[in-house]
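Throughout, read-outs are computed from the coordinates displayed, never taken from laboratory work. What you see is a predicted model; the values in this text were computed from it and never measured. Don't worry about glycine lacking a Cβ; one is built from the backbone with ideal geometry, like all the others, and counts go over all protein chains shown.
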Amino acid sequence: MRTGNSPAASEPLSSHMKTNLFVLAATLFATVHTVQATGFVTYATDGANHNGTALPTRPGYLSSYTDPDFGTTVTRISDSTTAVDGSTNTSGGVAWGNTVRNVYSKVQAWNADMSLLLVENENRSAAGVSLGGVTVKKAILDGSTYAFLYGLSFSPWDYRWHPTDPDVLFYTSQNQLYKWSVSGGTSTLIHTFSAYSATNGAIDIGKGEGNLSADGRYIVITAAAAGSTTDVIVYDTTIVSPTDGTVSTLNLPSSKTDSRTGTSYAGPDWAAMAAYKP
């Protein structure tokens, strides 16, 4: 998952994300190349297929290897046979599930300064079964060493790191939006969306694919509304309950027919916030 050293906190987050995404994309999809002694890279440009060098044996938990073609350091940050706290005794500890991942490809796993990494710890072969002891479904790892730090003490339905404040995580639970402080270990209720039922999944962040504005002030919330329609809500996160910080609400139909072709499309599939920053 990690592709480089943690960037300096003074650099803008967008540059971190772009750099890491670029390096990740290059690692996965670029053509084979050789690394010269000077450290510069020569890429194959002949258009032919080039099979990658066979990878070494999977490393142990928190161990690394260097990709033989790209020179990228790959670190194993989970282990289904080792307790999350690094011990080998899983009987009373917290075991890794058989699926450990970022919650979604469009959701940032690192906090703003990349000091923390939030991963899903799941057991997909036996949903709902304890993962070998104390159940940790969402694990916070050290962003540099990847060592397990702790599991979240609450169960968010949907969540996003604040894009500029590394101490803040926003999350939804039933029909409520919260802000969690890493340093304080406390959650603050931002708003209860009382127009929707108090059940899990009543509201989420852009149907699981939404985001915050670039400055972290606005967030896009989606909720199932009457007649199988969807409400898309822009909310100001600086306004805390009991004051309502709703900026706007747009109700979208369950389907839309293209007037040119007559084709009907279900929707919306997701909603996102433009990267607005005043």
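With neighbour counts taken as other beta-carbon atoms within 10 Å, the residues T257, T57 rank, fewest first, as T57, T257.
How long is the gain from K256 to N98 if the chain were fully straight, where each residue apart is worth 0.36 nm and the alpha carbon distance is subtracted?
Roughly 52.9 nm would be gained on extension.
Quick check: net charge around D158, other residues with Cβ under 14 Å of its Cβ, Lys/Arg +1 and Asp/Glu -1?
Working: positive: K106, K137, K138, R160, K179, K207; negative: E120, D204, E209.
Combined, the nearby Lys, Arg, Asp and Glu give +3.
Between T192 and D244, what length in nm is gained on full extension when 0.36 nm per residue of separation is reduced by their alpha carbon distance? List each step's numbers first, then the result.
Working: separation 52, 0.36 × 52 = 18.72 nm, distance 0.88 nm.
Working it through step by step, the gained length comes to 17.8 nm.
Put a dot 7 Å past the Cα of Q174, heading toward its Cβ, do the same for L152, and the two dots end up 1.7 nm apart. Ordering S183, S155 by the number of other Cβ atoms within 10 Å of each residue's own Cβ, fewest first, gives S183, S155. Computed from the C-beta positions of H50 and K106 and an R0 of 35 Å, the FRET efficiency is 0.70 to the nearest 0.05.
Between S63 and T229, the simple spin-label model (points 7 angstrom out along Cα→Cβ) gives 5.9 nm.
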